[in-house]
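S.K.: The structure's right below; bear with me while I get my questions together.
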Amino acid sequence: MEIRLEHLTKIFTDKSGIETTAVNDLDIVIESGKLIALLGPSGCGKSTTLFMIAGLHKPTEGKIFFGDDEVTKLAPEKRGIGLVFQNYALYPHMTVRQNIMFPLENLRIKREDAIARMNEMAALVNIKELLDRKPAQLSGGQQQRVAIARALVKKPRVLLLDEPLSNLDARLRLQMREEIKRIQRETQITTIFVTHDQEEAMSISDQMVVLNFGVKQQVDAPQEMYNNPDNIFVAKFLGNPPINIFKGKVKNNTLYAGKTPIGPVEVQDGQYDVGVRPEDFRVDDKGFDVNITEIFHIGRDTLIHFDESGTDTRALVDSDSILPGQTKVKLSVKKGKIHLFDETSGLVVGHV
Amino acid sequence: MSKIKDAFWAVRNWFKKINSKITDFLVNHKMGFLVHWPDWFKALIFLAPALILLSIFIFYPIVNAFKLVIYEGYNQTDNTITGYTVFGNFITVLNEDNFLLPSSHTQSSVMINTLIIVLISVPISILLSLLIAVALNSIKPLRNFFQTIYFLPYVTNSIAIGLVFAYMFKSGDSGLINRMLGWFGIDPIAWVSNWNNNGVIIGPTFWAAMSVLIIYGVWQAMAFKIMVFLTSIQGIDKQYYQAAEIDGTPKRRIFSKITIPLISPMIFYIIITSMIGAFKTYESVIAIFGDSGAPAGATYTLKTIVFYIYDYLNNSTPGNLSLAAASSIILFAFILVLTLIQMQISKKRVHY
């Protein structure tokens, strides 16, 4: 099921009449059968977008299409969606079995069929032995599985997940995100999930949509977006440790940071914001000199801090290339890994 | 403004300094016990006001009731007794005309009256208040207005309400209720008083008079229940309703499968407290039917157990105080047994 959002806008008006634009003129096409991440910092409108797709919020403007059907004004139950809430919203007074059966009781299907489907879902998410427990007797990860089973048991056209992993501890989170990916692959259902965790989004999604203040920043495959960010916001939002941004100047096709020539570039002369990811530096005898301010050895890599035209800059380099107590090193940047952004608009000028 | 705040700060510091000086002095002179009180002593000081009042008005009367009930022929004017008895007073009360069983010339007893009021008015008022609470929860405009209206009976003097009720339920076609019934073509009902064709007072039927009491009880008790139900419904996580909405759950099923189970602890609490409250019905009888506890000319009584207890208290025949104590202990036993039965049932029915 392809999902198409056209000029989708949501404005909330509070009691005193103050308007907040949560989602602003969003145009996205989500391919059928893909796992899509809606990514952005908190308050960027990603959950609002999800709830509009679910039908729980009515858009102020714009249209939503599922395939060829327009669903903008359709009630949630008629859209054929399954939604997993951030805190799962499992009914606390029902057993796991009753929770999964609940959506089916509203449909006109035979009881045997309903039980068969419930068992099928329980098997899919590996909770067969937990069916008679109450949600309070389950761990976070198990509750998550039950919530997914409950959302999928109706055989929805679209699966929506609102911050599915934010209530889990770090280890479970890793496990559950693989689990979500597996379930999505097995069912081939178009899945949209909301997250503020860029690592989570990058690791499991086929495509990412990055939002900021309700405005679409970039839509792309994770690695593509990481390597070629469209603007400075996307560049800063993706990656850990975060990208280094410092002021740079281009003169005669050479990029300077302060007075240090970094490398040749082919853009108009002028001032730019320069972005270089920490892992894109390498120790190189032909590179530029830096004074190391701090060294952190973190196993496979070593993180060094240095000052670059007044900005504290991080570089992630091979552990063997830096000796303890070393104060000076020559660095260069890998080809195509310098990102130049326009100083005022923040839009990318080039990746060099 | 800040000068005043500075002055306050200085004064507070000065007091702190004095305080610590006094403490140091007392501790140094082996009088630390004056300022360092043990925790149990501090707790006692804070509990004292409530404990003293409860002892005088609750604990002492309870103990006294158990003491009075074993006296025979207790004369409260000269404080003498003629002997002791274990069950004598209970047996007298239970054999009394109109206490347990109606005597030959009437149609009802205080026990039957009380049970009718409890068993009819409590379920009706709980059901109605639940429905009103759900309705109030689903409307937005005027919710506060209606909430206030429904809460008014709770803060109004019950004698005043009773007098208004007596007026509203006036017999003949001048009473408000009878006039309203007339709009639907129903003949006037003799609610609280009745005459025959010759102008002789014959009194209304038992059920006509009793229904006025029941309607009064239902209406007055609803205020508190609506408030409790409304707050507990508002405390339910909205996501349960959103999840149910996505599954296309009909309104009636949402009410019975989600709302009711999730507020079941509150419903249980209300059942117990309102049963106890209904057992103690007294003012409504006084306010509507006066001291005699029955409509003029009636061949039955509408007195309740509490009314009966007051009758004994107001009547200074020797031994009556012991009978009042006996009937109040019977009432207590009744309420206790019913509450215990309900707690047993609730273990199965009340969720988490």
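S.K.: Roughly how many nanometres apart are two label points built 7 Å out from the Cα toward the Cβ at A:K15 and A:E2?
M.R.: A separation of 4.6 nm, rounded to one decimal place.
S.K.: Once the dipole of region A:244-351 is set up with Lys and Arg at +1 and Asp and Glu at -1 on Cβ about the Cα centre, which of A:V267, A:F281, A:F296 lies farthest towards its positive end?
M.R.: A:V267
S.K.: Then there is this: Considering only protein heavy atoms and a probe of 1.4 Å, how much of the accessible area of chain A is carbon and sulfur, as a whole percent?
M.R.: 48
S.K.: What are the residues whose amide H is under 5 Å from the amide H of A:I262, where those residues sit 5 or more places off or on another chain and H is modelled from the backbone?
M.R.: A:L255, A:Y256, A:A257
S.K.: Something else: Just list whichever of B:K225/B:K348; A:K15/A:K181; A:K155/B:K348 have alpha carbons separated by over 31 Å in the model shown.
M.R.: A:K15/A:K181; A:K155/B:K348
S.K.: Give me the three principal axis extents of region A:3-231 from the C-alpha atoms, as integers in angstrom, largest value leading.
M.R.: That works out to 49, 37, 37 Å along the principal axes.
S.K.: Considering only Cα-Cα distances, which of the following residue pairs are longer than 30 Å: A:K216/B:K257; B:K42/B:K280; A:K78/B:K238; A:K73/B:K251?
M.R.: Over 30 Å apart, Cα to Cα: A:K216/B:K257; B:K42/B:K280.
S.K.: I'd like the FRET efficiency for B:V164 and B:N144, computed as 1/(1 + (r/R0)^6) with the beta carbon distance as r and R0 of 25 Å, rounded to 0.05.
M.R.: Once rounded, the FRET efficiency stands at 0.55.
S.K.: As a test of the definition: with a 1.4 Å probe, what buried accessible area, both sides summed, do you compute for B against A, in Å² to the nearest 100?
M.R.: 1800
S.K.: Among B:T317, B:L181, B:F255, whose Cα projects farthest towards the positive end of the dipole of chain B, with charges put on the beta-carbon of Lys, Arg (+1) and Asp, Glu (-1)?
M.R.: So the residue furthest toward the plus end is B:F255.
S.K.: To the nearest 10 degrees, how steeply does helix A:170-187 sit against the main Cα axis of chain A, on a 0 to 90 scale?
M.R.: It is inclined by approximately 60 degrees.
S.K.: Quick one: if the Förster radius is 41 Å, what FRET efficiency do A:A123 and B:L338 give, using the C-beta to C-beta distance and rounding to 0.05?
M.R.: After rounding to 0.05, the efficiency reads 0.30.
S.K.: If I model a spin label as a point 7 Å beyond the Cα along the Cα-Cβ vector, how far apart are those points for A:S321 and A:L174 in nm?
M.R.: Result for the modelled spin labels: 2.7 nm.
S.K.: Please give the net charge around A:R177, taking every other residue with its beta carbon less than 14 angstrom from that of A:R177, where Lys and Arg add +1 and Asp and Glu add -1.
M.R.: Local net charge: -2.
S.K.: Treat each spin label as a single point 7 Å out from the Cα along the C-beta direction, and report the B:L100 to A:N228 distance in nm.
M.R.: Roughly 9.5 nm, to one decimal.
S.K.: Under 13 Å from a point placed 7 Å out from the Cα of A:D285 along the Cα-to-Cβ direction: which residues of region A:312-343 have their backbone N that close?
M.R.: The answer is A:330.
S.K.: Averaged per residue, what accessible area in Å² does chain B show with a 1.4 Å probe, protein chains only?
M.R.: 60
S.K.: I need the phi-derived Karplus couplings for region B:276-287: 6.51 cos²θ - 1.76 cosθ + 1.60, θ = phi - 60°, integer Hz, Gly and Pro marked x.
M.R.: Ordered by residue, 3J(HN,Hα) equals 4, x, 5, 4, 9, 3, 8, 4, 4, 5, 4, 5 Hz.
S.K.: Could I ask something else about it? Need one number: the % of Cα-Cα pairs in the protein assembly as shown sitting beyond the 43 Å mark.
M.R.: Value for the protein assembly as shown (Cα pairs over 43 Å): 56 percent.
S.K.: Rounded to the nearest 500, what is the 222 nm mean residue ellipticity of chain B from helices alone, with -39500 (n - 2.57) per DSSP H run of 4+ residues and division by all residues?
M.R.: The helix-only estimate for chain B comes to -20000 deg cm²/dmol at 222 nm.
S.K.: Any idea what log10 I(q)/I(0) is at q = 0.10, 0.21 Å⁻¹ for region B:124-277, Debye with uniform C-alpha scatterers and no solvent?
M.R.: Calculated log10 I(q)/I(0) at the listed q: -0.50, -1.28.
S.K.: Which value, to two decimals, describes the C-alpha radius of gyration of region B:48-108 once divided by 2.2 N^0.38 Å?
M.R.: Its radius of gyration relative to the 2.2 N^0.38 Å reference: 1.56.
S.K.: So if I restrict to the alpha-carbon atoms in region A:244-351, what is the Rg, and what is Dmax, the biggest pairwise distance, in Å?
M.R.: For region A:244-351, the Cα-based Rg and Dmax read 13.8, 41 Å.
S.K.: What are the residues of region B:245-263 that lose 40 Å² or more of accessible area, with a 1.4 Å probe, going from their chain alone to all protein chains?
M.R.: Residues of region B:245-263 that lose at least 40 Å² of accessible area once the other chains are added: B:E245, B:I246, B:D247, B:R253, B:K257.
S.K.: Could you name every residue in region A:31-61 that has 20 Å² or more less accessible surface in the full protein assembly than in its own chain alone (probe 1.4 Å, ligands and nucleic acids excluded)?
M.R.: Flagged in region A:31-61: A:L56.
S.K.: Given +1 on the Cβ of Lys and Arg, -1 on the Cβ of Asp and Glu, and no further charges, what dipole in debye does chain A carry about its Cα centre, rounded to the nearest 20?
M.R.: Using Cβ point charges on Lys, Arg, Asp and Glu, chain A gives about 1120 debye.
S.K.: Apply 1/(1 + (r/R0)^6) to the Cβ-Cβ distance of B:I260 and B:I81, taking R0 = 51 Å, and write down the FRET efficiency to the nearest 0.05.
M.R.: E between B:I260 and B:I81, to the nearest 0.05, is 0.40.
S.K.: For chain A, what is the calculated [θ] at 222 nm in deg cm²/dmol (nearest 500), taking -39500 (n - 2.57) for each run of four or more DSSP H residues and dividing by its residue count?
M.R.: Only helices count here, giving -7000 deg cm²/dmol.
S.K.: Could you give me the percent of Cα pairs per 10 Å distance bin for region A:243-299, shortest bin first, beginning at zero and ending with the bin that holds the maximum distance?
M.R.: Over region A:243-299, the share of Cα pairs per 10 Å bin runs 20, 51, 23, 6, 0 percent.
S.K.: Binned at 10 Å from 0, what are the whole-percent values of the Cα-Cα distance distribution for region A:170-267, short to long?
M.R.: Result returned by the calculation: 13, 34, 28, 14, 9, 1.
S.K.: Sticking with this one: Roughly what percent of Cα-Cα pairs across region B:53-151 reach past 15 Å?
M.R.: 78
S.K.: For A:V267 and A:H351 in the same chain, what is the full-extension length gain: residue separation times 0.36 nm, less their Cα-Cα distance, in nm?
M.R.: Taking A:V267 through A:H351 to full extension adds about 29.2 nm, to one decimal.
S.K.: Considering only B:L302, B:F8, B:N113, whose Cα is most displaced toward the positive end of the charge dipole of chain B, charges sitting on Cβ of Lys, Arg (+1) and Asp, Glu (-1)?
M.R.: Positive-end residue among those listed: B:F8.
S.K.: Oh, and also: Could you sort A:330-341, B:148-159, A:279-290 so that the peptide with the highest average Cβ count within 10 Å comes first and the rest follow in order?
M.R.: A:330-341, A:279-290, B:148-159
S.K.: With only alpha-carbon pairs counted, each pair once and no self-pairs, how large is the Kirkwood hydrodynamic radius of chain B in angstroms?
M.R.: After inverting the mean inverse Cα-Cα distance, the result is 25.3 Å.
The values are calculated or read from the model by the stated rules, or taken from the named source; none is laboratory data. The structure presented is a predicted model; accordingly, all values stated were derived computationally and were not measured. Cβ sites come from the backbone with ideal geometry, for glycine too, and all protein chains shown count toward neighbours. When the accessible area is computed, the model is the full protein with side chains, heavy atoms only, and any ligands, DNA or RNA have been set aside. Shrake-Rupley method; radii C 1.70, N 1.55, O 1.52, S 1.80 Å.
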